[in-house]
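Below is one structure; the comments refer to it alone.
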Amino acid sequence: MKIAFVGKGGSGKTTLSSLFIRHLTANEAPVVAVDADINQHLGAALGLGDAEIATLPAMGAHLPLIKDYLRGTNPRITSAETMIKTTPPGEGSRLLRVSEDNPVYEACARPVMLDDGEIRLMATGSFTESDLGVACYHSKVGAVELCLNHLVDGPEEFVVVDMTAGSDSFASGMFTRFDMTFLVAEPTRKGVSVYRQYKEYARDFGVALKVVGNKVQSRDDVDFLREEVGEDLLVTVGHSDWVRAMEKGRPARFELLEAENRCALQTLQDAAEDSYENRDWERYTRQMVHFHLRNAESWGNAKTGADLAAQIDPGFVLNESLAVPQPY
């Protein structure tokens, strides 16, 4: 399952996504974690030191390799250079699977050992001095979107993506790539403002959205969130001494996380697993095509000098029957 954590800056989305990743690992689920926020805090939340974070490869820096591998033998893609972030797979494309070895993971992922097991961590990469004034955030996350378009995952596998703050992800089609989106909201007017934007944008695309109330201190906070988001409020999380220690760089073993917060994380996992029943691969594929055509017309054709609509394989539907590792 593909899970996104979103929310305004400072809402705690990175902290909660890291706790969810730890929880899944404790439950022996295979996890690929993706830091798709240019602020790049997920590694630290998972316990990496500054030196380890500095050595994480940037997915954007390996975009030519990613394109070349995913292109495979797809005859509709004349060259890797004509692939853009929305290019959908077709017959002959190589696909990514959560529990496999491939050149994309070798180049872009690094193993991270947690208390209860190992995950793969991938990161978009932060802005560099050469990006200032000439690049935008979306040029960084294009590699993430391309990989998600070519990813086949099963019901007991998890891809957890820590998204950029605010509603920036709606500037691309990546917001439709998830089985469940958890929106982390504080019990304030600003805290729920991003929820309203997400709810409005997501409605037309069938995006499953649940709100996680964070930094909740009282019954009044819970009532406020319930009034603002209604039945979309899934669970609330309050103060955590374990999280405070983690943020100081001195976390206890994950098994010592407060019982009420462990229960909240299990609620998130249950909701994610329930969403799997609503997975519709045909709709998922149609949405890929929809955003690819929009991007092709808007800028892709002009940038690549090719008719990118020709990359669409009309008979291809991404689905789990294709989840068989291929040689490379």
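The values are calculated or read from the model by the stated rules, or taken from the named source; none is laboratory data. Keep in mind the model is a prediction, meaning the values are calculated, not measured. Positions of Cβ are backbone-derived with ideal geometry, glycine not excepted, and every protein chain shown enters the neighbour counts. Areas reflect the complete protein model, heavy atoms only, side chains present, ligands, DNA and RNA absent. Shrake-Rupley method; radii C 1.70, N 1.55, O 1.52, S 1.80 Å.
Structure values in brief
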item: Matching residues, region 211-239, being out of contact with any Phe, Trp or Tyr (no Cβ under 8 Å at 6 or more places or on another chain) and crowded, with 17+ Cβ neighbours inside 10 Å; result: Gly213, Asn214, Lys215, Val216, Asp221, Phe224, Leu225, Leu233, Val235, Thr236, Val237
item: Pair list, Cβ under 8 Å, 6 or more apart: region 10-27 residue touching a residue at least 60 places away in the same chain (Cβ under 8 Å) and farther than 20 Å from Gly213 by Cβ, other residue surrounded by fewer than 21 Cβ atoms within 10 Å (Cβ to Cβ) and small (Gly, Ala, Ser); result: Thr25/Gly117; Ala26/Gly117
item: Residue that is nearest to Gly7 (Cα to Cα) [pool: residues in region 197-218 that are part of a loop (DSSP other than H, G, I, E, B) and not small (Gly, Ala, Ser)]; result: Asn214
item: Total residues in region 65-78, condition touching a helix residue (DSSP H, G or I) at 6+ places or on another chain (Cβ under 8 Å) and at pLDDT below 95; result: 0
item: Matching entry among Asp232, Asp221, Asp168 (being at pLDDT 95 or above, among the charged types (D, E, K, R) and closer than 15 Å to Val6 by Cα); result: Asp232
item: Every residue from region 178-193 that is open to solvent by less than 10 Å² (accessible area, probe 1.4 Å) and over 30 Å from Gly154 (Cα atoms); result: Gly191, Val192
item: Residues located in region 31-44, provided they are open to solvent by less than 10 Å² (accessible area, probe 1.4 Å) and part of a helix (DSSP H, G or I); result: Leu42, Gly43
item: Within region 78-88, considering residues that are touching a residue at least 24 places away in the same chain (Cβ under 8 Å) and of a type in the set (A, V, I, L, M, F, W, C), the one surrounded by the most Cβ atoms within 10 Å (Cβ to Cβ); result: Met83
item: Failed item, numbered, when Glu106 is tested on (1) open to solvent by 10 Å² or more (accessible area, probe 1.4 Å); (2) at pLDDT below 70; result: (2)
item: So Thr73, is it without any contact (Cβ under 8 Å) to a residue 24 or more places away in the chain, open to solvent by 10 Å² or more (accessible area, probe 1.4 Å) and assigned to a loop (DSSP other than H, G, I, E, B); result: yes
item: Flag for Gly230 being farther than 28 Å from Leu148 by Cβ, in a helix (DSSP H, G or I) and small (Gly, Ala, Ser); result: yes
item: Search result, residues across region 49-67 that are touching a Ser or Thr at 6+ places or on another chain (Cβ under 9 Å) and not basic (Lys, Arg); result: Ala58, Met59, Gly60
item: Exclusive hit being open to solvent by 50 Å² or more (accessible area, probe 1.4 Å), modelled with pLDDT under 95 and more than 30 Å from Val194 (Cα to Cα), set Glu28, Glu91, Glu52; result: Glu52
item: Selection within region 55-69 - assigned to a helix (DSSP H, G or I), within 18 Å of Leu42 (Cβ to Cβ) and open to solvent by less than 40 Å² (accessible area, probe 1.4 Å); result: Met59, Gly60
item: Qualifying residue in region 118-127 (condition: surrounded by 20 or more Cβ atoms within 10 Å (Cβ to Cβ), modelled with pLDDT of 95 or more and in a loop (DSSP other than H, G, I, E, B)); result: no
